[in-house]
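Q: Next up is a structure, given as structure tokens.
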Amino acid sequence: MTTTVADGVFTLSQSEKQSLLLPELVRLTEHHRNHGEAYARILSATGHVSGREYREEADLPWLPVRLFKTQVLKSISDDEVFKVLTSSGTTGDVSRIFLDKEAAAAQTRMLSKTIQTVLGKQRLPMLVVDTTAIIKDRKSFSARGAGVLGMMNFGRDHVWALDAEQQPDLEAIRGFLAKHGDQPFLIFGFTFMVWLYLYELARDHKLDLSNGILVHSGGWKKLIDRSVDNAEFRRAFAADTGLTRIHNFYGMVEQIGVVYLEGADGNSLYCPDFADVIIRDPQTWAELPPGQPGLVQVLSTLPESYPGHSLLTEDLGVVHGVDDGHWPGKRFSILGRLPRAEARGCSDTFSAGAA
Amino acid sequence: MLTPRFPAAANTTPDELLASVTTEPTDGRLTVGDDRVRDFLIAFSRQLLRPEIARRFPELGSLGFFLRRGEIAKSVERLHDGSAGSRFVPRGLVLHFPPANVDTIFVYSWAMSALAGNSNIVRISNRSAGAAEVVIETLNATLADAHPAIAQTQRMVTYDRDDTITASLSLACDLRVIWGGDRSVIDIRRHPLAPLARDLAFPDRSSFAALSVPAWQAAEPTAKRQAVEGFANDVYWFDQAACSSPRALFWVGEPDAATAAREEFMALLPGIVAGRGWQVDAAMAVEKHVATYGLAAEGVASRVRFSGNAVAEVDLVSPEDMQRRWLGAGTICHSTVGSLADLVPLVRRKDQTLTQFGFSAQELDTFVAEVAGRGIDRIVPFGSALTFAGVWDGYDLLREFTRQTTIWV
């Protein structure tokens, strides 16, 4: 298979990927076993002894992604820690991801390569569908702020689409379009905000976004309540604003540097060459064939500094097909999130009763 | 604003509620073991034991059983009221804060307090559902033929988060009963009581199980099967999250025999669990993986094994690693010790129930004496971990709900 520049890091067929990724993932399993006591103990307790043979990606051990919220899992010494990434969870507990200098550089490099697949090498003028307020306090910014800041590297001449009160800033957007609207430009934001603040505004004021490339992420939960799914999102933007180059992506702090990116065909996410997904039946844990929804396991060869190369997420997804889309490999969708299990025991705190 | 659920009535204020609940009822103040209350509880029990209710909500069947005429009589007799120069009298007004999630505990707590002759205000969760709703309906239905003193002195209400209501009710009551969680207990205790009043608190507890390996070896196959069935009930009811649900299972005996016994026991469990239709959904399965892998990461678990999603087994590195926190429904932490005496130093005040198989009364009595108050309020056979009793968390409820007046002639 020939690698074209245009396809960037989305080049490998599923069988090519299997043969390249599997030995790397096995090496990473051994690497993290040898460099992280907690991970070594988990492998030992779950029967993954050193030297065990793995014939397929699906045979590899995985960690539940929430374990990064309850345990310190790293494969570097304390003085090698260069950066600790955190993500806030819905329950207030936080994932901690430890990077050394090399890992931090690698994740930035691979993220760039992935995003450049759709943006090209040049930095484009960038419209950020958010408020500058979220990155003002650099000491305490949120996962949302970190996401915005990370993406800002891919643009130039940034304009914020929302003012400090989180209200759409029509004048700022108009100014941006007047200056850059006749050539390719980048739009970035969280899916829900892009819909709520940019789409409705652009429709109502007949803004022309036809030269834009929209990159967005953050999940569909809030939009599903408004009966907007990915297909409707794309249709409405195209019909009402002319925007057709839309790339949703899926990623998580626990696999920093990996973005599963929506292809130009729309409605399918693709895995970059250094990553893969497996959909598992949550009752049998067996890998599910295309078309059957289950829990999403993410695999990546990037994590060298922490054991994040094989993670079971709490997201539900489905593989639509293999080697049959815009890019080779698996194409899939995220369908939603597993609810958090709740106990109905007597130690449950009657919070209203504590009033 | 308070919403009276039993007897169902229009919204009211704390002052109105307190004024009416403490007014002297028709035919005089309630007494300990009052016939008006007995009759009501017995009628209520009959309703709960109707097959259409007991079949749908087994826990209401147990409750109905607990409130039968004979059981009530036994509870009252246990006080030996009026003998040897002592007379038990009601405390007055009792305020109950039951847990949100165990549907029926509020009924036990209230029923014992009513039987003690108290006026009662029970704060029902506005999240209540299922069995709790059936209880309220049934109580209201039973009221039609009841003595008017019941409706006047016994109240169940809901109210939204409101410190001022909790504060005014707390200040007015003679006994405040707080169930369900350390945080609830601490939060509610912020509100002062009247000088003569007191609290009865049931905070977070934890429980474990122990099995005598020699007794297991000697048991007939049917007895073994019964033991595993009982243990399955103890573990899977309330998603193993009740205070009395065992989380660790100690194999007491010689190591080799213990291993063989465990294999035999655990070979039976998944089939029994499946036979009951108890399933663990994907969210719970993930919860169990997070919890058990976490124990492995911490060096507490030497082995983690799943038999389907329903049964997770953890081998503890040492008995000292006994887990007291919830690890998801159907997670059993195994450890082997030579004798019950080896468990003595492990017991903490927080430990509530020891669920046991195969020990003699003598062995258990010796164990309790050696534990010497470190913890454990209750020892029950496999299958009875969640059976409510009039003595709970070390308190004889009917005695707690009364005052003792001594008479010296």
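Residue by residue, here is whether (1) of a type in the set (Phe, Trp, Tyr); (2) within 11 Å of another protein chain (Cβ to nearest Cβ); (3) surrounded by fewer than 21 Cβ atoms within 10 Å (Cβ to Cβ); (4) touching a residue at least 24 places away in the same chain (Cβ under 8 Å) holds:
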{"residue": "B:Ala257", "(1), (2), (3), (4)": "no, no, yes, yes"}
{"residue": "B:Glu263", "(1), (2), (3), (4)": "no, no, yes, no"}
{"residue": "B:Met266", "(1), (2), (3), (4)": "no, no, yes, yes"}
{"residue": "B:Ala274", "(1), (2), (3), (4)": "no, no, yes, yes"}
{"residue": "B:Trp278", "(1), (2), (3), (4)": "yes, no, yes, yes"}
{"residue": "B:Glu287", "(1), (2), (3), (4)": "no, yes, no, yes"}
{"residue": "B:Val311", "(1), (2), (3), (4)": "no, no, no, yes"}
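Q: Looking at (1) away from every other protein chain (no Cβ under 14 Å); (2) surrounded by fewer than 18 Cβ atoms within 10 Å (Cβ to Cβ); (3) out of contact with any helix residue (DSSP H, G or I) (no Cβ under 9 Å at 6 or more places or on another chain); (4) not β-branched (Val, Ile, Thr), can you tell me which one B:Leu193 breaks?
A: Tallying (1) away from every other protein chain (no Cβ under 14 Å); (2) surrounded by fewer than 18 Cβ atoms within 10 Å (Cβ to Cβ); (3) out of contact with any helix residue (DSSP H, G or I) (no Cβ under 9 Å at 6 or more places or on another chain); (4) not β-branched (Val, Ile, Thr), B:Leu193 fails exactly one: (3).
Q: Hey, could you check the range B:291-305 for residues that are part of a loop (DSSP other than H, G, I, E, B) and within 15 Å of A:Leu73 (Cβ to Cβ) and say which is farthest from the other protein chains (Cβ to nearest Cβ)? Step through it out loud before you land on a result.
A: Going residue by residue through the range B:291-305, those that are part of a loop (DSSP other than H, G, I, E, B) are B:298-300.
Right, trim to within 15 Å of A:Leu73 (Cβ to Cβ) and you get B:298-299.
Working: B:Glu298: 7, B:Gly299: 6 Å.
In this case the residue turns out to be B:Glu298.
Q: Of the residues that make up the range B:170-182, is at least one at pLDDT 95 or above, part of a helix (DSSP H, G or I), more than 22 Å from B:Thr104 (Cβ to Cβ) and more than 12 Å from chain A (Cβ to nearest Cβ)?
A: Looking for residues that are at pLDDT 95 or above, part of a helix (DSSP H, G or I), more than 22 Å from B:Thr104 (Cβ to Cβ) and more than 12 Å from chain A (Cβ to nearest Cβ), one finds at least one in the range B:170-182, hence yes.
Q: Could I ask something else about it? Go through the range A:159-183 and count every residue that is under 14 Å from A:Ala133 (Cα atoms) and either crowded, with 16+ Cβ neighbours inside 10 Å or within 22 Å of the chain's Cα centre (by Cα) (or both).
A: Within the range A:159-183, residues that are under 14 Å from A:Ala133 (Cα atoms) and either crowded, with 16+ Cβ neighbours inside 10 Å or within 22 Å of the chain's Cα centre (by Cα) (or both) number 6.
Q: Name the residue that is nearest to B:Pro203 (Cα to Cα), counting only residues in the range B:320-330 that are within 14 Å of chain A (Cβ to nearest Cβ) and surrounded by 18 or more Cβ atoms within 10 Å (Cβ to Cβ).
A: At the first step, the residues of the range B:320-330 found to be within 14 Å of chain A (Cβ to nearest Cβ) are B:321, B:323-330.
Subset that is surrounded by 18 or more Cβ atoms within 10 Å (Cβ to Cβ): B:321, B:323, B:326-330.
Numbers: B:Asp321: 22, B:Gln323: 18, B:Trp326: 15, B:Leu327: 19, B:Gly328: 20, B:Ala329: 21, B:Gly330: 23 Å.
Result: B:Trp326.
Q: Is it the case that B:Pro7 is crowded, with 21+ Cβ neighbours inside 10 Å, closer than 24 Å to B:Ile165 by Cα and assigned by TED's automatic domain parsing to the domain that holds B:Ile124?
A: Taking the combined requirement at face value, the residue does not satisfy it.
Q: Taking the stated definitions as given, is B:Gly70 free of Cβ contacts under 8 Å to residues at least 40 places away in the same chain, surrounded by fewer than 21 Cβ atoms within 10 Å (Cβ to Cβ) and under 26 Å from B:Gly181 (Cα atoms)?
A: Values: free of Cβ contacts under 8 Å to residues at least 40 places away in the same chain: yes; surrounded by fewer than 21 Cβ atoms within 10 Å (Cβ to Cβ): yes; under 26 Å from B:Gly181 (Cα atoms): no.
Criteria not met by B:Gly70.
Q: In the range B:148-162, is there at least one residue being in a helix (DSSP H, G or I), of a type outside the set (A, V, I, L, M, F, W, C) and free of Cβ contacts under 8 Å to residues at least 60 places away in the same chain?
A: No: zero hits.
Q: Go through the range A:202-256 and report how many residues are surrounded by fewer than 19 Cβ atoms within 10 Å (Cβ to Cβ) and assigned to a helix (DSSP H, G or I).
A: 13
Q: Another question about this same structure. Pick out the one residue from B:Val317, B:Val371, B:Val380 that is surrounded by 15 or more Cβ atoms within 10 Å (Cβ to Cβ), hydrophobic (A, V, I, L, M, F, W, C) and free of Cβ contacts under 8 Å to residues at least 24 places away in the same chain.
A: B:Val317
Q: Which of the residues spanning the range B:228-249 are assigned to a loop (DSSP other than H, G, I, E, B) and surrounded by fewer than 24 Cβ atoms within 10 Å (Cβ to Cβ)?
A: B:Ala241
Q: Separate question: Scanning the range B:331-367 for residues that are under 27 Å from B:Phe388 (Cβ atoms) and loosely packed, with under 14 Cβ neighbours inside 10 Å, which turns out nearest to the chain's Cα centre (by Cα)?
A: B:Arg349
Q: In the set A:Ala341, A:Ala286, A:Ala355, which member is out of contact with any Leu (no Cβ under 8 Å at 6 or more places or on another chain), modelled with pLDDT under 95, within 27 Å of A:Leu43 (Cα to Cα) and of a type in the set (A, V, I, L, M, F, W, C)?
A: That would be A:Ala341, the only listed residue that is out of contact with any Leu (no Cβ under 8 Å at 6 or more places or on another chain), modelled with pLDDT under 95, within 27 Å of A:Leu43 (Cα to Cα) and of a type in the set (A, V, I, L, M, F, W, C).
The values are calculated or read from the model by the stated rules, or taken from the named source; none is laboratory data. What you see is a predicted model, and the numbers here were worked out from it, not measured in a lab. Virtual Cβ from ideal backbone geometry, glycine too; neighbours counted across all protein chains shown.
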